[in-house]
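Take a look at the structure below.
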Amino acid sequence: MENLTHLGKPTALPSSPDEAVLDRVPNPHPDTKFVARFTQPEFTSLCPVTAQPDFAHLVIDYIPQEWMVESKSLKVYLNSFRNHQAFHEACTVDIGKRLADLLQPHWLRIGGYWYPRGGMPIDVFWQYGQSPEGVWIPDQGVAGYRGRG
């Protein structure tokens, strides 16, 4: 196992996603294709124009090969976006690409379900690889934004 940065240790929130360290751990079942899901229902970042907060519900699904993301490091990484100014599309795709680069999974997808900005919700989806045949991949379970009525 690699040296872990966060697990079992106090961890300060990094000032930016670029400074955040993502840890990975060996997959205990590299011979079995399974889906791991992380959900961040209260993701926040800042608008790059107004610096006002933006909110999203993120769902990350992946099928690991040799590596899995260590969950505390993922939580710290996602929380490092709180003071990061970027458009919804940049945040969502950057997270997906960073995880794909770190893990080299069989398959990965991220759904960014963003709450309305200027009255319009923006949902962003990104995928790495093709989903393997015979693997159950559940729906992300997040309904599209619906206002009152």
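Each value in this text was obtained by applying a stated rule to the coordinates, not by laboratory testing. Predicted model only: the values in this text are computed from it and were never measured. Cβ atoms come from the backbone with ideal geometry, glycine included; neighbour counts cover every protein chain shown.
For the options TRP114, TRP136, TRP126, a Gaussian network treatment of the chain with springs between C-alpha atoms closer than 10 Å singles out TRP136 as fluctuating the most. Rounded, prolate or oblate: which one fits region 34-128, using the alpha carbon gyration tensor with axes a ≥ b ≥ c (rounded when a/c is under 1.5, else prolate when a/b beats b/c, else oblate)? Since a/c reaches 1.5 and a/b is larger than b/c, the shape of region 34-128 is classed as prolate. Charged neighbours of TRP114, selected by a Cβ distance under 13 Å, balance to -3 (K, R count +1; D, E count -1). Electrostatic bookkeeping for ASP61 treats Lys and Arg as +1 and Asp and Glu as -1; over the other residues with beta carbon under 9 Å from its beta carbon, the sum is +2.
Arranged by the count of other C-beta atoms within 10 angstrom, fewest first, what order do LEU103, LEU13, LEU46 take? Display every interim value, and only then the final one.
Details: LEU103 22, LEU13 11, LEU46 17.
So the residues, fewest neighbours to most, are LEU13, LEU46, LEU103.
To the nearest ten degrees, helix 88-103 and the longest principal axis of the Cα atoms of the chain are 10 degrees apart.
Bridges between two residues of region 34-128, per DSSP, are antiparallel at a rate of about 95%.
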